[in-house]
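**Student:** My questions will all concern the structure given below.
Nothing in this text is a laboratory measurement; each read-out follows from the coordinates by a stated rule. All values reported here derive from a predicted model rather than from experimental measurement. FYI the Cβ positions are ideal-geometry reconstructions off the backbone, even for glycines, and counts take in every protein chain you see.
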């Protein structure tokens, strides 16, 4: 979310958006310790406001000219409810209370002085109120907003107390009925760049800007500019820069964060204790002194064995008041309580199970002071020179600390369960196998004196560097800026990758998190990016804007080496206009930047963007080519890659990145017939459309348009010289209605965008605005009925929205053999209809068989000539009723959910008439089965077993792979990387995985399977 867009008031909302400060940390030039916070409670500013109000006049009446406060930022809190680990928030809705302004024309605006009164509905439970307050404290800490109770004990409203001169307030209540839990995981996006759409870092920036926290209005004394996507706001009541992870706020985000070991560090003041992992561990510094306690556990407890009845707990005690400005940061952690109260009021007190002193007479409960605020991936700012340990709080997650490496550890013990946490069970320790453990978050300093900020321009257009690790814990950051223009882009190539993969038995994937990883942020530098690990990563990264950030994290002296080259690409070197984000691109590229095949736009009518939707540049949506019909949403041409879930991905239409192969069998691919770009892009580079990529946007021009349209002419002011460059436009106006205007663009193929008459005077100008309307109704006969907005605006003549009496009518005809009219239309044979009307037919359906189309069209439209589109439907083919028909290859398919080995699957398919195990001989068949199998792993009829009549296959040479149904060799393949395995592994059969990749496995394994059979002719026509 970018910019200060103020949304209208939303009355009913389901859940709450948690607005984190991802990567937030600050240091000011006058204070270089990097973790200090102003000793400024939220009530301090409120007290100052009260004093100012007292000195003012008492005129606090409602001012009707004040903009109605907005719920901007609060209405999307449901996306981050899981991040704060507060389950009660999923049933919370937020609404505006109080009277709206008298003048309804006044737009919604920020909350005056950043004060937001709020109240809870009486039906809310206590834990729900606590969860909401945790969210509000997080927003207060990183913005200038202050949430105050709407009503005080004297029954005076906050609007009156602070003289806000409006009656609005926020109400938190519970949703009645069933709530669908909305989940969103940053690492598993629906499409490749969804992180940008729900950007936590930039949402917080927009929230600060919308409520006038952004900029220097409230930070006049801080003489520093926040650059590189950083922004200036109030952090814990003090002006500070908020920077993307890895950058130093004390320098205005212009340099990377480094560990300055010369500066003095202070821990938060107060009396408390930090745990130690074992007796050999030392306290962080001289502010602490080491102590231990031996606790005796009651042997009569049914939760413990008689052995190990004592627990020696080591800890570091802090009693120094120290620097008053140093406070505990927001986070989810606990510390030990040493006195009768916690060091700060914002800690909650917990008491664990009862244990006893070593004399077995005096009870010794363990007291904890706990915080739970902020979000799971937020970096806390604490001293980073020496190791220390915190106690983990609810949810099983430890928060990272800036400049330190995090390890999760445990102290196990066994106790009698008698917990007491304000009437509820404590949750910062766990019970497992009749044992309890204190979960610890252990932090060790990391080496951060590496990386840097680099600027690239025309004179210095590339930068290469080699990194080799020789330290135990490393956290390095490299930031690259293309400084020539804001339209410049960066391309990253990574070579000689050797990053050891350590990640709890998980595979090295780009969306998973690892102990050792190189993170690439090529979308937005304030948000998490893609992980690089392993020993090979041939993919190039092209930045979506003019910045690109790399973060390397390694632990334990594992090998981590790589070579990186970053090069800048200027706007004139692109094949499309970066000003309009590829809005006018009409090239031939039909695959994504990951070389996935694009789907036809006409088949994606259930998705947000398709060729029949108004409000976008739908006239350029041709076939399955990469396009960008909505330049204000997407930053470059893109296309859909999955029909079921509407997944999409960007396209590298200028081929700026490297081509690469992901399959090991690309050398076997036929270089002429059906060369698969997806998986073998480097081998099949000869089929890539390089003509479009070699074009330069500054060299593409269009001449002055010579075609004319009825009642429409171009505006003279929009006609400069006779030459127009790609991306430039001409504005047309209707002669009889001057308010009707339409822009026509010069496209990247040197042609003008299609258009027609833009006038809506049906008596004088009954024409189409798009010359392809007549072609569309031939291909999609029902689009006039389904997409009525497009029919009424762009295809008025073709769809019969005007002057329908001027063309002949069409007589409804009967269907062909075994085909009938659909009853719901209310039409019968012989009825007459106007142009644009569509008529649907269907094949007969019996108890045992389902008749299928043999020829003709199931939907026909009445054309302007008075004839029907397409031809009469006839039905002759038959599929069994429980089988699914694929019209592209005229085959019937049935899925069996019983798990069988390969041989029994073949045997089961042979029990049906002419049925066999499936064979996938083209990408269309593969895509059909991928949708049909619904994510299951299935056998396919591909193997390298010799026929049964031959000798033992183990005693012969490898016969190669062939399709079992007909014995043909595979011309199409979709092997997973590393497959097929060699013959010596005894894995001769093939399974199609959940994502469509093929793997060679042993034939005796059990999987689901799909059978196929050709359609048969109906008996009366055979």
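**Student:** Distance between Cα centroids, segment 694-748 to segment 973-1022: provide it in whole Å.
**Tutor:** The distance from the Cα centre of segment 694-748 to that of segment 973-1022 comes to 54 Å.
**Student:** Related question: Would you kindly calculate the translational diffusion coefficient of segment 890-1014, applying Stokes-Einstein with the Kirkwood radius from alpha carbon pairs, for 20 °C and a viscosity of 1.002 mPa s, and quote it in µm² s⁻¹ without decimals?
**Tutor:** Roughly 146 µm²/s, to the nearest whole number.
**Student:** Which of 734, 60 comes first, and how do the rest follow, when ranked by fewest Cβ neighbours within 10 Å?
**Tutor:** 60, 734
**Student:** Run the numbers for residue 921 and residue 779: contour at 0.36 nm per residue of separation, minus the present Cα-Cα distance, in nm.
**Tutor:** 48.4 nm
**Student:** Continuing with the same structure: Once the Cβ-Cβ distance between residue 871 and residue 605 is put in as r, and R0 is 22 Å, what FRET efficiency do you end up with, to the nearest 0.05?
**Tutor:** 0.40
**Student:** If you don't mind, there's one more thing I want to ask. Could you work out how far apart the two model spin labels at residue 914 and residue 725 are, taking each label as a point 7 Å from the Cα in the direction of the beta carbon, and quote it in nm?
**Tutor:** Each label point is offset 7 Å from its Cα along the Cβ direction, giving 6.2 nm.
**Student:** Now for a separate question. If I stretch the segment between residue 645 and residue 459 completely, what's the gain in nm (0.36 nm per residue apart, minus their alpha carbon distance), one decimal?
**Tutor:** This chain segment gains 62.5 nm when fully extended.
**Student:** Another question, then. How large are Rg and Dmax for segment 624-739 when only the alpha carbon atoms are used, in Å?
**Tutor:** 20.7, 65
**Student:** Which value results for Rg/Rh of segment 776-881 when Rg is the Cα radius of gyration and Rh the Kirkwood radius based on the inverse mean 1/r?
**Tutor:** For segment 776-881, the value is 1.03.
**Student:** Hey, how many Å between the Cα centroid of segment 926-941 and the Cα centroid of segment 839-891?
**Tutor:** After rounding, the separation between the Cα centres reads 25 Å.
**Student:** What ranking, highest mean first, results for peptides 634-646, 864-876 when packing means the other Cβ atoms within 10 Å averaged over each residue?
**Tutor:** Ranking, from highest mean packing down: 634-646, 864-876.
**Student:** Counting other C-beta atoms within 10 Å, which of 437, 898 has the fewest, and how do the rest follow?
**Tutor:** 898, 437
**Student:** Calculate the spin-label point distance for residue 126 paired with residue 715, positioning each point 7 Å from the Cα along the beta-carbon direction, and give it in nanometres.
**Tutor:** Label-label distance for residue 715 and residue 126, simple model: 6.6 nm.
**Student:** I would also like to ask the following. Could you list 775, 407 so that the one with the fewest beta carbons within 10 Å of its beta carbon is first and the one with the most is last?
**Tutor:** 775, 407
**Student:** Separate question: Once you put a point 7 Å from the Cα of residue 899 and another 7 Å from the Cα of residue 786, both along the Cβ direction, what distance in nm separates them?
**Tutor:** Label at residue 899, label at residue 786, 3.9 nm between them.
**Student:** Report the calculated FRET efficiency for residue 149 and residue 292 (r = Cβ-Cβ distance, R0 = 35 Å), to the nearest 0.05.
**Tutor:** 0.20
**Student:** Which FRET efficiency value, to the nearest 0.05, do you get for residue 969 and residue 995 by plugging their Cβ-Cβ distance into 1/(1 + (r/R0)^6) with R0 = 22 Å?
**Tutor:** In this case the efficiency is close to 0.35.
**Student:** For residue 985 and residue 565, compute 0.36 nm times the residue count separating them, minus their Cα-Cα distance, and round to one decimal in nm.
**Tutor:** Extra length available between residue 985 and residue 565 comes to 147.3 nm.
**Student:** Still on this model: What's the center-to-center distance, using Cα atoms, between segment 803-835 and segment 640-659 in Å?
**Tutor:** So the two Cα centres are separated by 42 Å.
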